[in-house]
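The values are calculated or read from the model by the stated rules, or taken from the named source; none is laboratory data. From a predicted model like this one, the values you see are computed outputs, not experimental measurements. With ideal geometry, Cβ positions are generated from the backbone for all residues, glycine too; neighbour counts draw on all protein chains shown. These accessible areas exclude ligands, DNA and RNA; they are computed on the full protein's heavy atoms, side chains included. Shrake-Rupley method; radii C 1.70, N 1.55, O 1.52, S 1.80 Å.
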Amino acid sequence: MNIAILGLGTVGTGACEAAARSEAIKVRWIFVRPGKKVALEYQDLITSDIDDIINDPEVDVVCECMGGETPAYEYVMAAMKHGKHVVTPNKGLVSAHYRELVDCARENGVALRFTSSAGGGIPWLFNLLRTKRCDTITRVWGILNGTCNYILDTMHREGSDFDQILKSAQDLGYAEKDPTADIEGIDTLRKCVISGDLAFDGDIDPDSVPAFGISTITAKDISWFKAKGYVCRLIMSASRSEDGVSAYVEPTLFRADSLEAGTGANNNLVSLEAEELGIQSFYGQGAGKAPTGSSVIQDVIDIATGTEMLPGGYYHLPAGSTPVDNSTCTHRYYIHISNDCQGFPFQIVAEQEEDKDGFYLITKPVPVSQAHSIAQEFRSNGSFFMAGIQE
Ligand SMILES: NC(=O)c1ccc[n+]([C@@H]2O[C@H](COP(=O)([O-])OP(=O)(O)OC[C@H]3O[C@@H](n4cnc5c(N)ncnc54)[C@H](OP(=O)(O)O)[C@@H]3O)[C@@H](O)[C@H]2O)c1
């Protein structure tokens with residue numbers, strides 16, 4: 001199998017190294033920006049003209065490892081239209097353009113694989129599809145952002161403030177210079193959409209999935225959780241609902257003896273529940289050069305060996321976009337809100353404590369849709385943090 005790798009950053013380099021460890025795969029081209037300095041071993045493979053790759057009949061698979069939507073979208077569409085299979089870890093691309101990508105792959109009779117886009121090195125999406133071959137998945141959920149997990153785990157262990165831990169995560173390379181997509185739950189939301197699409201044969205619009213991140217959590221919230229025997233994790237959840245799916249991203253409080261609470265540092269833990277199989281959980285490194293690069297090459301090997309996870313070869317798409325309804329999914333929430341909270345619906349509160357920094361509340365069970373509307377309304381009003389409580 002001859003492959004072309006687009007982008008020689010973290011994942012692209014990991015994919016080159018993993019390809020070198022696999023006898024069946026040969027890297028034929030590496031696409032970089034003009035003038036990029038590359039290691040000697042790659043210099044004969046470099047091009048900055050995408051047409052070299054698109055028009056090369058010897059290229060079987062294009063591995064898009066650049067990230068972003070443009071020009072990644074244009075390049076992978078062109079590759080598929082020229083009969084090339086596509087593998088990508090690019091969750092932003094897949095979650096935003098799922099239907100066009102799947103349709104294009106089907107029309108051109110090529111494979112489209114993106115196992116590394118959710119869970120990095122963990123074969124999560126691979127096993128999700130494998131389970132679906134003879135079972136019905138009812139729910140997927142889990143910790144899919146290593147940066148947030150590192151921050152929450154360190155805050156819990158050390159009792160330090162969010163900003164301080166974020167800074168150390170950036171110094172260690174666990175967090176980006178601009179951490180917004182991670183800490184506001186956007187990265188987790190994209191993985192929620194992809195996992196939900198595959199689990200439920202959906203086409204979930206990312207804009208219809210509410211996400212509440214961890215940027216407003218305080219050391220005081222964490223000490224409250226510890227005192228009550230809880231550990232906080234950022235999770236995505238998607239499940240079947242009557243007409244579509246329930247899907248959301250939010251911090252969640254787990255009992256200290258749960259698998260989620262035991263998932264420390266920058267690790268991921270993601271689970272599925274299926275009607276016959278029950279619960280299966282997958283744990284490991286959800287990011288990084290070697291795990292993610294290897295996962296890209298595993299997809300290439302599956303294409304080469306014809307390992308088929310999809311009945312009929314392609315992802316099943318519904319006629320229109322899948323409705324997201326979080327109104328029938330209910331649980332209790334922890335909410336921390338500043339004293340200045342006029343209009344807050346105190347009728348949903350079951351337990352209440354107050355000090356100079358605000359109210360610390362436990363709600364009665366409320367619909368997820370209502371909790372996220374409250375978050376929308378109050379998050380910019382002084383300090384506000386909320387976390388669902390795993391019952
Ligand atoms: N890092 C991980 O552990 C991980 C895990 C799972 C999924 N992913 C996904 O994998 C993708 C790549 O992530 P990464 O961490 O490898 O990013 P990265 O380290 O920033 O690498 C991206 C590379 O692509 C190059 N690139 C971007 N646009 C280009 C263009 N128009 N033309 C030529 N080269 C271009 C960049 O070049 P410049 O540096 O010159 O801009 C850079 O070398 C993203 O979609 C990410 O979400 C990453």
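Of everything listed in (1) in a loop (DSSP other than H, G, I, E, B); (2) closer than 25 Å to Tyr75 by Cβ, the single unmet condition for Glu107 is (1). Can you tell me which of Gln347, Gln376, Gln298, Gln352 is touching a strand residue (DSSP E or B) at 6+ places or on another chain (Cβ under 6 Å), more than 24 Å from Gly202 (Cα to Cα) and open to solvent by 50 Å² or more (accessible area, probe 1.4 Å)? Criteria check complete, one pass: Gln352.
Among all positions in region 45-53, there is at least one residue which is farther than 21 Å from Thr305 by Cβ and out of contact with any strand residue (DSSP E or B) (no Cβ under 9 Å at 6 or more places or on another chain).
Residue-wise test of (1) more than 15 Å from the ligand (Cβ to nearest atom); (2) outside any helix (DSSP H, G or I); (3) of a type in the set (Gly, Ala, Ser).
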site: Tyr248; (1), (2), (3): yes, yes, no
site: Thr252; (1), (2), (3): yes, yes, no
site: Ser258; (1), (2), (3): yes, yes, yes
site: Ala261; (1), (2), (3): yes, yes, yes
site: Ser281; (1), (2), (3): yes, yes, yes
site: Thr292; (1), (2), (3): no, no, no
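Looking only at region 267-297, residues that are in contact with a Leu (Cβ under 9 Å, 6 or more places away or on another chain) and modelled with pLDDT under 95 come to 1 in all. Among the residues examined, Glu100 does not qualify as within 16 Å of the ligand (Cβ to nearest atom), surrounded by fewer than 15 Cβ atoms within 10 Å (Cβ to Cβ), within 30 Å of Cys192 (Cα to Cα) and modelled with pLDDT of 95 or more.
Annotation note: Cβ proximity below 7 Å between a residue of region 183-204 that is in a loop (DSSP other than H, G, I, E, B) and a residue that is of a type in the set (S, T, N, Q) (sequence gap 6+ or interchain) occurs for Glu184/Ser215; Gly202/Thr322; Asp203/Ser321; Asp203/Thr322. Among the residues making up region 113-141, those that are closer than 24 Å to Cys65 by Cβ, open to solvent by less than 10 Å² (accessible area, probe 1.4 Å) and outside any loop (DSSP other than H, G, I, E, B) are Ser116, Ser117, Trp124, Leu125, Leu128. With respect to the stated conditions, Gly286 is buried (at least 18 other Cβ atoms within 10 Å of the Cβ), within 16 Å of the ligand (Cβ to nearest atom) and not acidic (Asp, Glu). Scanning region 2-15 turns up one or more residues that are among the β-branched types (Val, Ile, Thr), away from the ligand (no atom under 13 Å from the Cβ) and in contact with a strand residue (DSSP E or B) (Cβ under 8 Å, 6 or more places away or on another chain). Of the residues making up region 146-167, those that are open to solvent by 10 Å² or more (accessible area, probe 1.4 Å), touching a residue at least 60 places away in the same chain (Cβ under 8 Å) and touching a helix residue (DSSP H, G or I) at 6+ places or on another chain (Cβ under 8 Å) are Thr147, Tyr150, His156, Gly159. Restricted to region 321-338, and to residues there that are closer than 15 Å to Met386 by Cα and assigned to a loop (DSSP other than H, G, I, E, B), the residue that is modelled with the highest pLDDT is Arg332. Just so you know, in region 57-83 the residues that are open to solvent by less than 10 Å² (accessible area, probe 1.4 Å) and away from the ligand (no atom under 12 Å from the Cβ) include one that is nearest to Leu8 (Cα to Cα), and it is Val62.
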